[in-house]
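One structure is given here, and the rest of the page talks about it.
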Amino acid sequence: MGKFDINKIKGAGDGLLNEISKLQRSNEMEMIYVLSDQIDKAEENEGISIDNIEELADSIADVGLVNAIVLRQKEDGRYRIVAGERRYTAILSLIEDGRWKKDRPIKASLFDPGRIDLPLTDEEKEDYVRATENAEQRNKTDGDKLIQMRKLMKIYEKLRENGAISNVKTRVLLAADMKMAPSHAAQFMKVDAKGSDELIDAVLDNKVSVSAASTIAGLPKENQKEIIERALEEKTDDKKITPKELENAQQKIKKESAPRAEEAEKMDEGTRITSKVFKKDIAAITGALKANDRGILLDDKQYMNYLKTIRSLEEIFEM
């Protein structure tokens, strides 16, 4: 297979999903009718919120299922959802409240991975379509988008290994597939790559937006943890933490860890430095080192300055 065309991976509306839509419109995908209890939800979508389904259910009840869901048949004869999880969830809600009979079949298109011209395995093609399909969903949280981004990144890695997208920036691919500005895609990448576990959990739990989280994601992870925990402690409503609230939490922590009368004992002849004070004074340096498993690479000049500083401290402490 030759070099891959970037236009084929522009995401929902421009890429894979558009190709699926073309296949559906041209009747190249086999149309099938399947009962609801023969369909399994995709395990890959676990963790993604499916909220505000009532409006979609009402629409399906009024005009029927306009856009068929896309299914792939499994080895046991059952079907797994490739695209259309929200539509299927809406139909289940209609069955529950009696507006869709359980024995009424659901219109679906049978997914054939062989019709998708990508240098990926059949399962990877399915995952890619499923991930880009999520871009069509409304009311997604930033946590949903972060999960979607991680799935797409794995697909991009495989495409890069195959030499398909070697000259395309990841944020450009994400922006196209997730239908967002490249700068916003870069924020998701920054939080995922540099965010502490606590910060990322706050995004996944919809407690802080990615835009806000990205403002502190460049700090040492130990500092991020302290800031997000302080902001959560001081939050008085159910709204997401704002950048201003993160900044306020950071400033309060800085004030508390500044040279302290209660920790640095003021004396007539000077200031007493304890191990506790020294530890806090170098917390940012220690945090930066911990955040990078391989340490920080210094050039010759920086290393000499580092050694001089260490020796100066040893002289101060008369070591």
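The values are calculated or read from the model by the stated rules, or taken from the named source; none is laboratory data. Please read these numbers as outputs of a predicted model, since none were measured by experiment. Here Cβ is always computed from backbone atoms with ideal geometry, including for glycine, and neighbour counts include all displayed protein chains. In case anyone asks, the SASA skips ligands and DNA or RNA and just uses the protein heavy atoms, side chains included. Shrake-Rupley method; radii C 1.70, N 1.55, O 1.52, S 1.80 Å.
For the stretch 161-171, a residue qualifies if it is free of Cβ contacts under 8 Å to residues at least 60 places away in the same chain and surrounded by 15 or more Cβ atoms within 10 Å (Cβ to Cβ), and the qualifying residues are Thr170, Arg171. If a residue must be outside any loop (DSSP other than H, G, I, E, B) and of a type outside the set (Gly, Ala, Ser), how many such residues does the stretch 50-80 contain? Residues in the stretch 50-80 being outside any loop (DSSP other than H, G, I, E, B) and of a type outside the set (Gly, Ala, Ser): 14 in total.
Among the residues making up the stretch 56-85, those that are within 26 Å of Glu123 (Cβ to Cβ) and open to solvent by less than 30 Å² (accessible area, probe 1.4 Å) are Ala68, Ile69, Val70, Leu71, Ile81, Val82, Ala83, Gly84, Glu85. Tallying residues that are more than 30 Å from the chain's Cα centre (by Cα) and either assigned to a strand (DSSP E or B) or modelled with pLDDT under 90 (or both) within the stretch 27-49 yields 8. For the stretch 200-254, the candidate set comprises residues that are open to solvent by 10 Å² or more (accessible area, probe 1.4 Å) and β-branched (Val, Ile, Thr); within that set, the residue that is nearest to Lys280 (Cα to Cα) is Ile253.
Is it the case that the stretch 165-186 has a residue that's in contact with a Ser or Thr (Cβ under 8 Å, 6 or more places away or on another chain), closer than 22 Å to Pro243 by Cβ and of a type in the set (S, T, N, Q)? No, the conditions are met nowhere in the stretch 165-186.
Scanning the stretch 185-199 for residues that are closer than 12 Å to Leu146 by Cβ and open to solvent by less than 10 Å² (accessible area, probe 1.4 Å) yields Ala185, Phe188, Val191, Gly195, Leu199.
Out of (1) in contact (Cβ under 8 Å) with a residue 40 or more places away in the chain; (2) open to solvent by less than 70 Å² (accessible area, probe 1.4 Å), the odd one out for Ile155 is which? Result: Ile155 passes all but (1).
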